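Data block below; observations after.
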Amino acid sequence: MITADQLKEVKDRTEQLYRYLNIPAKQVQWEEEQLRTQDPSFWEDQKRAEAQMKLVKGLEKWIKGYNEVKSQADELETACEFYREELVTEQEVDDIYARVLNSIENLELKNMLRREEDPMDAVLKINAGAGGTEAQDWAQMLMRMYMQWAQANGYKCVVSNLQDGDDAGIKTCTLEIEGEFAYGYLKSENGVHRLVRVSPYNAQGKRMTSFASVFVTPLVDDTIEVNIEQARISWDTFRSSGAGGQNVNKVESGVRLRYQYEDPYTGEKEEILIENTETRDQPKNKENALRLLRSMLYDKELQHRMAEQAKVEAGKKKIEWGSQIRSYVFDDRRVKDHRTNYQTSDVGGVMDGKIDAFIKAFLMEFGAEGEEQ
């Protein structure tokens with residue numbers, strides 16, 4: 001049976017959410033934005049109308065989310081009173097408490113995703129590190145982990161590029177994960193992932209260490225302005241390999257985009273290389289490659305803003321986006337995040353996509369970092 005202090009904590013956190021989320025202001029804004037959709041000429045500008053509907057639905061979700069928490073908190077208070085009158089069981093009260101606590105934590109977590117890019121879809125790229133077959137097998141295991149996570153959370157996951165390993169696994173892959181706040185959650189996965197295990201590819205059965213890097217960028221849509229200089233683009237085509245059947249291999253449907261990027265802030269130059277083998281249609285693959293380029297350029301601008309914000313807020317703990325972030329030690333049955341120190345012994349569950357606890361630990365500690373003040 002929950003204590004009086006636990007009930008008080010639920011009520012306090014519910015009231016805090018009301019203030020943090022500024023529910024009265026969101027309610028007024030939702031009513032105003034909803035009225036704009038009633039204009040007879042609303043759908044004449046399709047793109048603008050879709051953006052407006054997205055805004056309305058976003059506000060509505062915040063309001064409904066809070067109302068659900070408030071309703072459950074009130075239900076818990078009533079259940080505690082009924083328990084004293086022996087009208088409900090202790091188990092029923094505990095079940096309601098667990099439900100409202102989960103709703104509160106989910107809304108608190110979502111409240112950490114306040115940056116403009118957080119609600120966007122995500123592009124997740126995995127590259128095998130040095131180490132041959134072992135590293136390539138590790139990269140494929142990570143690919144499966146993220147695909148399982150996406151499926152469990154109701155996200156659409158598309159493999160837009162895949163290069164098989166020499167003997168097993170993959171050298172690289174690019175996943176497009178579509179759904180609300182996909183980038184906001186997956187940005188916590190940005191960095192180097194380290195595997196320690198007795199390798200099935202080592203004849204002596206030695207314990208080996210492998211690395212794979214994960215890069216996550218927001219997948220931008222047409223409402224985001226990104227400047228692409230066409231003169232800096234060049235294209236190659238090639239025959240796709242891997243999944244897709246013989247028809248894919250007969251024509252050069254795969255595309256390789258090269259973009260000569262020059263950093264507008266530092267003047268540094270680099271070549272951005274993007275390959276896309278998503279479909280059997282070359283023009284469609286070119287369109288997809290350009291979309292990925294826009295996402296990468298948008299991400300570079302975001303990283304510049306974050307760097308500038310970090311200079312201002314030098315006292316805050318920093319996250320190095322390219323550093324080793326997590327170790328997966330199979331023999332010791334341990335997965336540990338080195339940024340938050342969160343760890344679990346459920347190695348099998350993690351590799352099956354159960355990484356929400358790691359994401360939550362990261363966001364609760366660093367989610368608001370770099371927020372505009």
Exercise for review: Inspect region 67-79 for any residue being under 30 Å from GLU225 (Cβ atoms) and either among the small types (Gly, Ala, Ser) or in contact with a strand residue (DSSP E or B) (Cβ under 7 Å, 6 or more places away or on another chain) (or both) and give the result as yes or no.
Suggested key: no
**Study point:** Selection status of ARG144, within 25 Å of GLY349 (Cβ to Cβ), surrounded by fewer than 22 Cβ atoms within 10 Å (Cβ to Cβ), of a type outside the set (Gly, Ala, Ser) and touching a residue at least 40 places away in the same chain (Cβ under 8 Å)
**Key:** yes
Check your understanding: Going by the conditions given, is CYS157 over 25 Å from HIS338 (Cα atoms), in a strand (DSSP E or B) and in contact (Cβ under 8 Å) with a residue 12 or more places away in the chain?
Key -> yes
Exercise for review: Would you mind stating whether ARG99 is open to solvent by 10 Å² or more (accessible area, probe 1.4 Å) and either assigned to a strand (DSSP E or B) or in contact (Cβ under 8 Å) with a residue 40 or more places away in the chain (or both)?
Suggested key: no
**Study point:** Top-ranked residue in region 28-48 [being open to solvent by less than 80 Å² (accessible area, probe 1.4 Å) and either charged (D, E, K, R) or within 26 Å of ILE96 (Cβ to Cβ) (or both); ranked as nearest to the chain's Cα centre (by Cα)]
**Key:** GLU33
Exercise for review: Test ASN67 against the stated conditions and say whether it is open to solvent by 60 Å² or more (accessible area, probe 1.4 Å), at positive phi and not charged (D, E, K, R).
Suggested key: no
**Study point:** Which numbered condition ASN106 misses (of (1) surrounded by 19 or more Cβ atoms within 10 Å (Cβ to Cβ); (2) within 19 Å of ASP356 (Cβ to Cβ))
**Key:** (1)
Exercise for review: Collect the residues in region 160-175 that are aliphatic (A, V, I, L, M) and surrounded by 17 or more Cβ atoms within 10 Å (Cβ to Cβ), keeping them in residue-number order.
Suggested key: LEU162, ILE170, LEU175
Review point. So which residues in region 332-368 are out of contact with any helix residue (DSSP H, G or I) (no Cβ under 6 Å at 6 or more places or on another chain), in a loop (DSSP other than H, G, I, E, B) and farther than 14 Å from GLY184 by Cα?
Key: ASP332, HIS338, ARG339, ASN341, SER345, ASP346, LYS354
Exercise for review: Determine which single condition THR14 fails, assuming it passes every other condition in (1) among the β-branched types (Val, Ile, Thr); (2) surrounded by 15 or more Cβ atoms within 10 Å (Cβ to Cβ); (3) modelled with pLDDT under 95.
Suggested key: (3)
Point to revise | Exclusive hit being touching a helix residue (DSSP H, G or I) at 6+ places or on another chain (Cβ under 9 Å) and assigned to a helix (DSSP H, G or I), set LEU113, LEU107 | key: LEU107
Review point. Could you count how many residues in region 70-96 are touching a Phe, Trp or Tyr at 6+ places or on another chain (Cβ under 9 Å), open to solvent by 60 Å² or more (accessible area, probe 1.4 Å) and outside any helix (DSSP H, G or I)?
Key: 1
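The values are calculated or read from the model by the stated rules, or taken from the named source; none is laboratory data. Computed from a prediction, not measured in an experiment: that's the story for all the values here. Reconstructed Cβ throughout: ideal geometry from the backbone, glycine too, with neighbour counts over all protein chains shown. Surface areas here come from the heavy atoms of the whole protein model, side chains and all, with no ligands, DNA or RNA. Shrake-Rupley method; radii C 1.70, N 1.55, O 1.52, S 1.80 Å.
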